[in-house]
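Single-structure report; data block below.
The values are calculated or read from the model by the stated rules, or taken from the named source; none is laboratory data. Remember, it's a predicted structure, so these values are computed and weren't measured experimentally. Don't worry about glycine lacking a Cβ; one is built from the backbone with ideal geometry, like all the others, and counts go over all protein chains shown.
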Amino acid sequence: KKAAFVIGSGILFLAAFGNSLTWHLQKFWGASGDFWQNQWSKLHSRFEGHDQALFYLGTMLVPTVVFWGTNALLLFVDIMAKPSFITKYRIQQDKNNPVDPAKLRHALKTVLFNHMCISGPMVVAAYHLMSYRGQPCGPELPTFHWALLELTGFVIIEEIMFYYSHRLFHQPSLYKTFHKQHHEWTAPIGIVCIYAHPLEHVISNMLPVAIGPVILGSHISTTCLWYCLALVSTTVSHCGYHLPLLPSPEFHDFHHLRFNQCYGVLGILDRLHGTDSKFRQTKQYERHTLLTSLTPLTESIPDEPKKGL
Ligand SMILES: [Zn+2]
Ligand SMILES: [Zn+2]
């Protein structure tokens with residue numbers, strides 16, 4: 001009874017919090033008047049009759065700039081092993097300090113190949129599927145609530161598809177040929193998020209993200225936002241630094257460290273299947289929160305002193 005009460009009030013609280021949050025966000029959205037719709041109308045008329053170009057701008061150019069922009073900053077820190085106000089947030093403190101240049105060069109080649117030769121053509125395929133479904137570059141932007149609903153849908157689809165395909169790639173027969181490459185990095189860095197065998201890149205990285213907007217027949221604006229969010233979120237989850245006010249990367253970092261824990265993105269399916277049971281007994285789990293102060297979590301929640309010392 002007590003548990004039911006706690007869970008029940010927890011759900012109520014979350015629902016109320018979620019509602020008031022969307023209310024505030026929508027207020028903010030509404031306050032900007034028709035700003036976004038006007039911007040979109042301008043862009044749309046500029047590309048009159050060139051929907052395809054507009055689509056590639058939103059799903060290739062913008063996400064690519066966002067991805068490489070974020071990773072350029074991270075690579076600078078990884079290669080230089082400074083500034084210390086960032087490196088002090090490193091999760092596996094003794095690793096990549098600085099990153100091995102030969103290993104990095106090797107990873108970058110695969111990353112560039114995956115990005116240009118696999119992601120590129122898949123976005124072209126997505127365009128054709130989405131055009132068949134409807135009008136991805138229509139003159140009207142989706143409403144705020146619809147966009148929010150779609151994004152929630154994308155996140156759920158990604159969690160389900162990534163978790164199960166990722167677990168499948170951990171089957172010994174598939175692991176050796178396909179997924180081992182991604183796990184060469186037991187202490188990952190940002191760019192490693194798409195360092196993977198081409199088949200894994202298609203099935204585990206691209207499809208779970210690209211399929212949502214195709215199923216829901218989404219507008220290019222929501223699709224563009226989703227691609228950018230997905231790329232930044234996977235970069236952060238691999239970056240190796242638990243920085244203030246950014247989503248915690250402890251979960252996936254732990255997957256790279258221990259291999260057989262934490263397969264998902266959000267962790268919901270891991271909880272359901274018990275694939276986070278070891279993770280939940282670790283210091284990394286205690287640190288798996290949003291860092292809201294400037295003190296690194298490795299300092300505020302230090303490792304147990306090693307036995308024999
Ligand atoms: Zn990974
Ligand atoms: Zn894995």
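Structure summary
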item: Filtered residues of the stretch 172-196 (kept if away from ligand 2 (no atom under 13 Å from the Cβ), under 22 Å from TYR89 (Cα atoms) and buried (at least 20 other Cβ atoms within 10 Å of the Cβ)); result: ILE189, GLY190, ILE191
item: Cβ-Cβ under 7 Å pairs, at least 6 apart or on other chains, the stretch 63-85 side loosely packed, with under 12 Cβ neighbours inside 10 Å, far side modelled with pLDDT of 95 or more; result: none
item: Subset of the stretch 136-163 (residues that are loosely packed, with under 13 Cβ neighbours inside 10 Å and touching a residue at least 24 places away in the same chain (Cβ under 8 Å)); result: PRO139, GLU140, HIS145
item: Output for the stretch 223-245, where each listed residue is away from ligand 2 (no atom under 16 Å from the Cβ), out of contact with any Pro (no Cβ under 6 Å at 6 or more places or on another chain), among the hydroxyl-bearing types (Ser, Thr, Tyr) and in a helix (DSSP H, G or I); result: SER233, THR235
item: Check on ILE215, surrounded by 19 or more Cβ atoms within 10 Å (Cβ to Cβ) and among the hydrophobic types (A, V, I, L, M, F, W, C); result: no
item: Hits in the stretch 97-130 - residues which are over 30 Å from GLY240 (Cα atoms), loosely packed, with under 14 Cβ neighbours inside 10 Å and either touching a helix residue (DSSP H, G or I) at 6+ places or on another chain (Cβ under 7 Å) or of a type outside the set (A, V, I, L, M, F, W, C) (or both); result: HIS128
item: Filter result for ILE191 (more than 16 Å from ligand 1 (Cβ to nearest atom), among the β-branched types (Val, Ile, Thr) and touching a residue at least 60 places away in the same chain (Cβ under 8 Å)); result: no
item: Number of positions in the stretch 169-181 that are farther than 17 Å from GLY264 by Cβ and not in a helix (DSSP H, G or I); result: 2
item: Residue check, ARG133 basic (Lys, Arg), surrounded by 13 or more Cβ atoms within 10 Å (Cβ to Cβ) and closer than 26 Å to HIS44 by Cβ; result: yes
item: Positions within the stretch 258-279 being in a loop (DSSP other than H, G, I, E, B), farther than 13 Å from PHE162 by Cβ and away from ligand 2 (no atom under 12 Å from the Cβ), in sequence order; result: GLY274, ASP276, SER277, LYS278
item: Contacts under 7 angstrom Cβ, first residue in the stretch 233-247 being farther than 12 Å from ARG90 by Cα and in contact (Cβ under 8 Å) with a residue 40 or more places away in the chain, partner within 15 Å of ligand 1 (Cβ to nearest atom) and among the small types (Gly, Ala, Ser), 6 or more apart; result: THR235/GLY190; PRO247/SER233
item: Complete set of residues in the stretch 246-256 that are away from ligand 1 (no atom under 11 Å from the Cβ) and either among the basic types (Lys, Arg) or assigned to a helix (DSSP H, G or I) (or both); result: GLU250
item: SER218, sole failed condition from (1) within 19 Å of PHE259 (Cα to Cα); (2) more than 13 Å from the chain's Cα centre (by Cα); result: (1)
item: Scope the stretch 130-168; condition more than 19 Å from the chain's Cα centre (by Cα), over 30 Å from SER20 (Cα atoms) and part of a helix (DSSP H, G or I); matching residues; result: MET130, SER131, TYR132, ARG133, LEU168
item: Candidate set: the stretch 185-222, residues that are small (Gly, Ala, Ser) and in a helix (DSSP H, G or I); chosen: the one nearest to PHE55 (Cα to Cα); result: SER221
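To keep it simple, each residue is scored yes or no on (1) in a helix (DSSP H, G or I); (2) surrounded by 13 or more Cβ atoms within 10 Å (Cβ to Cβ); (3) free of Cβ contacts under 8 Å to residues at least 12 places away in the same chain.
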{"position": "SER41", "(1), (2), (3)": "yes, yes, no"}
{"position": "ALA53", "(1), (2), (3)": "yes, no, yes"}
{"position": "LEU61", "(1), (2), (3)": "yes, no, yes"}
{"position": "ASP94", "(1), (2), (3)": "no, no, yes"}
